Each structure stands twice: as structure tokens, then as C-alpha cells.
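Visitor: Below are the C-alpha cells for one structure; questions will follow.
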Amino acid sequence: MKMTKIVRTTADLFFPFCLVFGLYVVVHGHLTPGGGFQGGAVMATGTALLLVARAYDDVTGRIRKGAMKACEAAGLLIFLCAGFSGLFAGRPFMANWLAPAGQWFRTFVAHGPNPGDLNTAGLLPLLNFGVGIEVLGGLTVILLYMLSGIKEEKK
Amino acid sequence: MMDTFVMRHLPALLIAVPLFAAFLMPIVGNAGRVARNAWVLLGALATSAVGLALAWKVLATGTVLYVFGAAAAHLPLPMDSGGIPIRIVFQVDALSALMVVIASLSSLGITIYSLAAESRQSGLETFYAMLFLLVAGVLGMVSTGDLFNFFVFLEISSLAGAALVAYRVDNGVAVEAGLKYALLSTLGALAVLTAIGILVGQYDALNLATLASRLQFTTLDKIALVLLAVPLAMKCGAVPMHFWTPDAYTTAPSSVTAFLVVSSQASLYGLFRILFTLYGHLLQFSWATFGWFLIVVGVLSMFVGVTMAIPQKDVKRLMAYHAVSQTGYMLLGVGVGLAVLGNADALATYGRTAMAGGLFHIINHAMYKGLLFLTAGAVFYRAGTRNLNKLGGLGHDMPWTMVFFMIGALAIAGVPPFNGFASKLLIYESVFRFSPFLSIVAMIVSILTLASFVKVFHSMFLGPRRAEFAAVREVPAPMLAGMALLAVFVVAAGLAPRPFVDHLIQPAVDALVDRAGYIAAILGGS
Amino acid sequence: MSSRLLLAMPYFTVVVLIVLGLAVMLSKRNLVKILMGLSLMESAVNLFLVATGYRHDGVAPIYTNVPAGPMVLPTVQALTLTSIVIGVATSAMLLSFAMVIYKKYGTTDIQKIKKLKG
């Protein structure tokens, strides 16, 4: 199933913006509404957009299932390892040991109006990132599997 | 030993190890068959080791608390929490320890078994990943002290369970059963979630102990109790909500079925936890009513289960109905305990014994029913059919499977010296003093169970060799090893039930009755 | 009075949605429609959770550019998010089951695909 050139071009044009906006939601997860799951879902929408606008094989050429599965596994592993890192800092599983200690994620988020410093909240941005790429991978794989029916109907 | 790094973080490892094993599975799977099998074995061994070590620690030193993400793992009320345990707390008491032991032993046995039994299938990475997720879900359900966390693990185990039921996708019936299981589980989980919403909206707490100490038993709380109890009773396969069990148990791969039994029992644990710990003292004017509710459901399950089982032709379907029937014994034993909870004399003389019988039956059932499902899987593996009318004469070529089947069948029928007899004897004795009629029903059901399994044994293993099964040989060693692991427990707990009852079951009974202790472990005081 | 009625509106909606979802699940024979009923009920429960967390004049607990005033305890919102995530996983799995069933049997009518007996 192939749509008109206008639709295809627009979809191509919007695809990177989907990814960037999703990444913004992921990265700002600890400051503004949103977070790993929401951002990952937004990024996966990009795939849905391409799938609707283009032929199935065209999309799988660009977005590979294997890479997405790797994304999923990597995200889950980042999440688990971040959880484990608490143990080695002498704290319980999932403890936010980075928050007051490290150089990069030094501070807690300031009360009241603030410019939205990203280097706050310790371990949380890392967890958001892990969840983000996990959801990106997982939802994209689901989309690719489910919409593979499009290919068959064409015949 | 008691305070090493690993020992301190056991509750976190209990969940993290199987999850880790599951998440790395797609990556390890690329490295080939041997690497994958080694990884699976390693994951299963590590999970069981952590589970058993945790249970040992709980039984040796009392309730183990683990606060996720706090400054210190053992303080449920740190300075920054404002008097409410806002973080997720794992609270592993003796009852949880019993369930953890069951899940650890059973998961190890079935994983070893499936290494050989599933080797002919494709998509094994997903299969093992789902199996580890199921194990993690069950372990989480029984060890969490947080109501919402319980819901999450319930959903994890349901989803993984449904995916495993439907694992043999090439066969439409399996997907149908998986769909049925997933649909019912989701509906049940939605009811549980609504109940959680009702409780949180009123009391601003998710922690079981905190909720238990704040509960007022308003009308909304009563609605919440129904919304919690009914789905959990459904998930443990009690009549009249047992209709999903035969389908799911029959179509799932046998090793998965053996663990679905444990997963049902985790729901049973949830039911007991909610009736005894969460709502315990609020029911004090109606303990007898709720006790009788459990008893009636239990007796119905026993009777309906066994009568439905007898005419079945599919051996796994028959066993699934027997699983419903055996769940009835657990409900009966614990129900008698709940009914006499207000009467100190009766509780001391027979109530505790009845509960001990019920809880002992949980672990025994997980072992012998797991064993029976594994033998059914072994027969299917070689003979290619589960139809009792077509099977026959397999005893000549599959002697070990036959022996294991005999052990399981005699145990489920309550024949000495196997573990089924030990727990059923506790139930008979104590229930007889509560109500002789119920005890007699329980014995009749046992006799019917024996009759049913004699028939199965006869039609599967006895008789002359058949031409169509000429190629049948004994199953591969890993399958035998998995069955042997469960069989050893069945025999050991039957020959020497005393140590099991004294050191594993009695503490669990105490934990179930001791509601104040459960709350005090979190909130302090007594 | 009218403001109290307004505050109760979400709960009415929840009840209506749950009843609708159940009615759809029980009355429809098309598998996909049954799953839609289930999704409807899921949304109803999520709405219920969020509704219990509403506090009049409360501020969302986001520190950036926050005005003065009391903040809402975000526990139920967190629960809802978790429940939505679980809902996505459940729907995806159930829909893929429905797809497999359609491929095997050529129909999504539950009356026609019953091979399992009760």
C-alpha cells in the first residue's frame, strides 16, 4: 500500500521531528510531564506514520526489527543495571544514590520557578532513558508485527 | 554468612535475577543452542538459590523487610517518608517464605525438564524469557508488601502465563485458550485495580500493613473486599470460576502447566493475605461467615473437580480438573481455620492444625501435581497423543516415567507414605472435629481421585506393547532429572513430614494468624 | 450543590463506561469488539484512579515554573501510568492473539471458533 507522493514526503519530513520530540519528552522526563514511556511511545509513532504512508517493505528496509529488539533488550538492561548500581553504592536496589553525590547529576530539582536544569534528579534521567529506548524498541516491534498484515492484503 | 552482601539484598535479587535472565535471553540466544541452555540453567539455579536462601533467612531470623530505593533497606519508615511507607516494601514473612520455597523448587524442576522437552520447538528465546517473567511475577506476588505492587506482579504473571499458554501458535486451540486466559485475567486484574483505587482514595496508602491498620470497614471497603476476593478466587481456579483451568492447563506445554499450578497458588496466597491480614480484625463478627464461604467454595471445588475429571479422555484435561479438586482441600483447611479464628480454644485444638494441613497441601500439591503434569508431558513427548483411549502399554518402554507417575498418582490420592497423605491426614483429623460431614466428603473425594488415577495408570502404562508405539523410548535425561527433583520432595515429605510441618508450615500458620505482627513489622509498636 | 455534582461527574462517567464496556463484552460476538469493550473498561478504571487523586486547588507536582500553593500527591497518577503501560501490553497481546485466530480460522466470530469444550 503506497500513498501519494505528497503524503510520503510529508511523512518523511515529520519522521525525524517525531524522534526529536520523543527524545525531548524522554530527556525532560524528570522535569516536565512525560517520561520514558511517553517519549518512547511518541518516537514509535514515527514508525506508525511511515508504515501508514509507505509500503511495508520500504519501511522495514529503514527500521530493522533486529535493531529494535536490541534497543528493547538494551533499555531493559540499562534499567536493571541502574537498579543494581544502588547496591554497589551501599544502598538498596533502585536507590537514587547519584542524586546528592555525583558531579553531573549533583542537585535535586529546585523548588519554585527554575529554568529546567537537566542535570538534576540523579538516577532518574538514566532510568527514563532506559525505559524510553525500551518502549521505542518494544512498540516498534509490535507495530511492525501487527501491520505486517498490510503486506499480505496487497497481493 | 547472615550479613554478607548477597544475604542483605536477597529480596531485590529474588526479582532482579529472573528478570535479568529474561532480558538477556534474546542476546544470549544469538550465541547458539548450548550457550542458551547454559544461560537458562544458570538463571534457574540462581533464582532457586536466592529463593531458598531468602526462605532460610526468614525462617531463621523472622520477617525480612526490603525497602526499594530508600537510604537503608530495612527501615520502612525512613526520615523522609513522613510516617507512611511511601516506597515499595517487600515484606517476606514465614507465609511468603513457604510460597517462595514452592516457586523456587518447582521452577528449577520445570526449567531442567523443559531444556529437553521443548528442544524441538522454535522461538525458544521467547519461551524461556516468558518462563522467567512468569517466575519473577509469582515470586513478586508472594513477597511484596504493597497492594499495587501485588497487582503489577499479578499482571506480569498473567501476561507471561497467557503468552506461554498460547506458545504453540501453530495450533489454533492453544491461542484460543491463551486468549481466554488473558481475557479473564485482565478482567480480574481490572477488578483488583478498582479495589485498590477505592482503598487508596480513602486511606492514602498502598502498603498492606498501613492499609490494614487504617481500614474502617465502610461500605466502600466491603465492595473493595469483594472486588479483591472474587478475581483472586477465580485465578486460583475455585469452583464456580474454574472454567478457564482445563483449557489453559491442557493446551500449555506441560512444563508451563506445572508452573501455572504454582501461579494459581500465588493467587491463593493473595486471597489468604487479604482475608487474614488486610481485613482480618474487621471480619471478627463474621469470621465464621467468611470461613464458611471458603469452606463451601472448597468443598464445591473438591466435588465438582473430581466428578468432572473422571469422564475426561485427555489426560492433561483430567489432571487439570483434579487440580481444581485439590485446590478445594487447601480452601477447606484454611477456611476451617478462618471460621474458628475468634474461638481461641477451637483454634488451638484443631483450627491451627486445619490451616497447617491446608498450607502443607499447597506445597505438596505444587510438587505432585507438577510431577503428574510433567509425566503427562513426557508421555505426549514420546507417544504424540494425550488421548487415554489411544494410549497403552507404555510401561514397558518408559519405566522411569511410569514410576514417577505412580509416585504422583499415589500422592494425589492421599495414599501413605507420600506427601499427599501427610497433608490430607492433617485436614481429615482437624476438619472432623469441626464438622464430621466435611471430613467424610474430603475422604470420598480422595477415594474418587484414587479411582480416577488407577484408571489413567491402567490405560497409559499397562497392557501389551502396541504396534503404533514401537518407536517409544524413555524420555531424555534432563526431563527425568526435572521429574526426579519433584519426586524426591514428594517422597521425602511423605516419609518424614514432621520436620517440614514444624519448620516450614507452622511458622507460616503463625504468620497467617498474627495480623498484629505483620503490621508491627512495618509501623513499629505492637 | 452544582459544584458537588461537578465533582461527582467523573465517577458517573466511570460507572457508565464500565457498564458500556461490560455490555459490549457480553453482547458482541466479534472478538475485536470484545477487546474494544475490555479497553473501554480499562479506560474507565484509569479514569477512576485519576479521579480519586483530584484535590481542589491542588497544583501538579512539577517543580519547574510552579506557582505557590499546595501540590497534589502524585501516587494515583503514578498508578494510572503503570496501569496504562500494562494496558498497552495486554491489548497488544490480546490483539495479536485475535490476529492469529483470524489467520487460523478465517473468522473472529467467537461462536464459530469454539473448539474447546467447557
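Visitor: In Å, what Kirkwood hydrodynamic radius results for segment B:333-376 from the alpha-carbon pair distances?
Guide: 11.3
Visitor: Compute the distance in nm between two label points, each set 7 Å from the Cα along the Cα-to-Cβ direction, one at A:Arg62 and one at B:His458.
Guide: Once both label points are built, they end up 6.9 nm from each other.
Visitor: Average partner chain C-beta neighbours within 10 Å, per residue of B:4-10?
Guide: Details: counts 0, 3, 1, 0, 3, 5, 0.
Partner Cβ neighbours, averaged per residue: 2.
Visitor: Kindly list the residues of segment B:504-525 that lie in the label zone of B:Glu429, defined by a backbone N under 14 Å from the point 7 Å along the Cα-to-C-beta vector.
Guide: Zone members listed by number: B:506.
Visitor: Which net charge results for the neighbourhood of A:Leu13, defined as the other residues with beta-carbon distances under 15 angstrom from its beta-carbon, given Lys and Arg at +1 and Asp and Glu at -1?
Guide: With Lys, Arg at +1 and Asp, Glu at -1, the neighbours total +3.
Visitor: Can you compute the charge dipole magnitude of segment B:131-254 about its Cα centre, using +1 on each Lys and Arg Cβ and -1 on each Asp and Glu Cβ, nothing else charged? Give it in debye, rounded to the nearest 20.
Guide: Roughly 140 debye for segment B:131-254.
Visitor: While we're here: Please list, by residue number, every one of the chymotrypsin sites (Phe, Trp or Tyr not before Pro) in segment B:245-328 that is coil in DSSP and has at most 10 other beta-carbon atoms within 10 Å.
Guide: Sites meeting the loop and neighbour criteria: B:Phe285.
Visitor: Which one of B:Ala12, B:Ala320, B:Val491 is farthest out on the positive end of the charge dipole of the protein assembly as shown, using unit charges on Cβ (Lys, Arg +1; Asp, Glu -1) and the Cα centre as origin?
Guide: Comparing the listed Cα positions along the dipole, B:Ala320 ranks first.
Visitor: I'd like to compare A:57-66, B:439-448, A:36-45: which one has the highest average count of other Cβ atoms within 10 Å, and what's the full order after that?
Guide: My ranking of the peptides, most packed first, is A:36-45, B:439-448, A:57-66.
Visitor: If you wrap a convex hull around the C-alpha atoms of the protein assembly as shown and split its volume per residue, what is the figure in Å³?
Guide: With only Cα atoms used, the protein assembly as shown gives 177 Å³ per residue.
Visitor: Then there is this: Which order do peptides B:356-367, B:226-237 fall in by mean Cβ count within 10 Å, highest first?
Guide: Per-residue mean Cβ counts within 10 Å order the peptides as B:356-367, B:226-237.
Visitor: If you don't mind, there's one more thing I want to ask. Kindly rank C:104-112, B:12-20 from highest to lowest mean number of other beta carbons found within 10 Å of each residue.
Guide: Going by the mean number of other Cβ atoms within 10 Å, highest first, we get B:12-20, C:104-112.
Visitor: Next up: Taking each residue of B:178-190 in turn, how many C-beta atoms of other protein chains fall within 10 Å of its C-beta, and what is the average?
Guide: Mean partner-chain Cβ count within 10 Å for B:178-190: 5.
Visitor: Suppose only helical runs count, i.e. DSSP H with n ≥ 4. What mean residue ellipticity at 222 nm does that imply for chain C under -39500 (n - 2.57) per run, divided by all residues and rounded to the nearest 500 deg cm²/dmol?
Guide: -24000 deg cm²/dmol
Visitor: If you don't mind, there's one more thing I want to ask. Take a quick pass over chain B and tell me how many lysine pairs come in under 21 angstrom between Cα atoms, counting only ones 8 or more apart or on separate chains.
Guide: Final tally of qualifying lysine pairs is 14.
Visitor: Right, another one. Could you tell me the calculated FRET efficiency between C:Lys112 and B:Phe5, based on Cβ-Cβ distance and R0 = 60 angstrom, to the nearest 0.05?
Guide: 0.55
Visitor: Determine the shielding of peptide B:155-164 by partner chains: average, over its residues, the number of Cβ atoms on other chains within 10 angstrom of each Cβ.
Guide: Neighbouring Cβ atoms belonging to other protein chains average 3 per residue here.
Visitor: Along the Cα→Cβ direction, 7 angstrom out, place labels at B:Arg33 and A:Thr4. What is the inter-label distance in nm?
Guide: Distance between the two pseudo-spin positions: 5.6 nm.
Visitor: Okay, moving on. So, counting K/R as plus one and D/E as minus one, what does the shell of residues with Cβ under 12 Å around C:Gly69 add up to? Write out the running numbers ahead of the final one.
Guide: On the way: positive: C:Arg55; negative: C:Asp57.
Spelling it out: positives minus negatives among the neighbours equals 0.
Computed from the coordinates by the stated procedures, all read-outs in this text should not be read as laboratory data. For clarity, every value in this text was computed on a predicted model and none was experimentally measured. Neighbour counts run over all protein chains shown; Cβ positions are idealised from the backbone, glycine included.
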